[in-house]
Amino acid sequence: MPTKDVTISLRLTEPEGAELAALARLRREKPATLVARYVIEGVRRSRFPAIEFRDGEPGRVAYLAGTRWPVWLIAQLVEEHRGKVAAAADQMRRPEALVRMALAYAAHYPEEIAACRTLHAERDFEGLKQVLPTLERLLCGQQTAAAN
């Protein structure tokens, strides 16, 4: 569903503006695009304080703060545990409340989660095999054992 953009102006100090411009050049983006992303992420973090954003594919990716767990993977893990949040939290060694916050984020931004899952599916062996039909698995340990 298309939405209308809203124009908002803001003021930065000269050093902050210079730092933003330098970062935008480094990322090959317009400063306004970078500011918009940071504002969007800030609003989302206000609503979901246990979520942080990191550079990844596709684009910025939502993670459970202080962990290596992307939100899309937490949602998948809970599904694998048949919806049992406590079981997923035990496996992750994280409090159930944090897992629930990640699930709430995933429910609120399903398109973002779907894009991450799609990219992951395309990058697993079967997905890569469709793109590269001659791709083969290397099973070093098993091949060595079989050869002896």
Convert each backbone phi in region 5-11 into a coupling constant with the Karplus relation 6.51 cos²θ - 1.76 cosθ + 1.60 (shift: θ = phi - 60°), then list the ³J(HN,Hα) values in order as whole Hz, x for Gly and Pro. 6, 10, 8, 10, 9, 8, 10
Gap separating the Cα centres of region 51-75 and region 79-100, nearest whole Å: 16
Heavy-atom accessible area per residue - the chain, 1.4 Å, Å²: 74
In degrees from 0 to 90, rounded to the nearest 10, what is the angle of the helix 96-108 Cα long axis to the longest principal axis of the chain? 70
Keeping all protein chains in position, work out how much accessible area Asp90 exposes to a 1.4 Å probe, and write it in Å² to the nearest 10. 120
For the chain, the percent of accessible surface on carbon and sulfur atoms (probe 1.4 angstrom, ligands and nucleic acids excluded) is 56
DSSP loop trypsin sites (Lys or Arg not before Pro) with at most 16 other Cβ within 10 Å: longest gap in the chain: 94-136
Degrees, to the nearest 10: 14-27 long Cα axis against longest axis of the chain: 30
Taking Cα atoms only, helix 31-47 is inclined relative to the longest principal axis of the chain by an angle, in degrees rounded to 10, of 70
Estimated vicinal HN-Hα couplings, Hz - region 79-90 in sequence order (Karplus 6.51, -1.76, 1.60; Gly, Pro = x): 4, 5, 8, 6, x, 7, 5, 4, 5, 5, 4, 4
Between Rg and the Kirkwood Rh of region 1-131, both from Cα atoms, what is the Rg to Rh ratio? 1.04
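The values are calculated or read from the model by the stated rules, or taken from the named source; none is laboratory data. This structure is a prediction, so every number in the text was calculated from the model and none was measured. Positions of Cβ are generated from backbone atoms using ideal geometry, with glycine treated the same way; all protein chains shown enter the neighbour counts. Protein only, heavy atoms only, side chains kept; ligands, DNA and RNA dropped before computing areas. Shrake-Rupley method; radii C 1.70, N 1.55, O 1.52, S 1.80 Å.
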